[in-house]
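Report on one structure; see the data block that follows.
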Amino acid sequence: MIFELDSNSTITFAGGSLSYQYTLKEIVLHYGRQDDRGSEHTIAHRQFPAELQLYAYNSQLFSNWTQAQQGPNGIMAISILIAQAKDSRQGNKQLKHITHAFNNITRKVKVTSKFTSKTFVFHSQT
């Protein structure tokens, strides 16, 4: 599933190991029909049930996504691998609303959604 953000969205990432500020452009959710696969990436050759990918462009050096794709330091991606809880009571209640709907999805879906303005700041940990 691809969630494109409205062009007026101002969700940004900055700080930590990032040298620039990045504005979120789209969110991609990968998932599979089987609980042991669905993620695009792996850790130690282990695939996960789902993966959430956040794509952002460098909004300090470039004025939009298209320009940022052409230059160095233009695009930033974050992948979040989603594991299945052993006990359903440990699961994320908000995420369950999405995952329970997966069985009803039979074709590719593109959703456009507006998000409120937020800034996410990464902090380095030593």
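Please treat every number below as a calculation from the coordinates, not as lab data. As the structure is a prediction and not an experimental result, all values here were calculated from the model. With ideal geometry, Cβ positions are generated from the backbone for all residues, glycine too; neighbour counts draw on all protein chains shown.
Quick look at the numbers
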{"quantity": "Selection of trypsin sites (Lys or Arg not before Pro), the stretch 32-61, meeting DSSP coil and at most 15 other Cβ within 10 Å", "calculated": "ARG33, ARG37"}
{"quantity": "Residue order, fewest to most surrounding Cβ atoms within 10 angstrom, among HIS41, HIS30", "calculated": "HIS41, HIS30"}
{"quantity": "Residues LEU61, LEU29, sorted so that the one with the fewest Cβ neighbours within 10 Å comes first", "calculated": "LEU61, LEU29"}
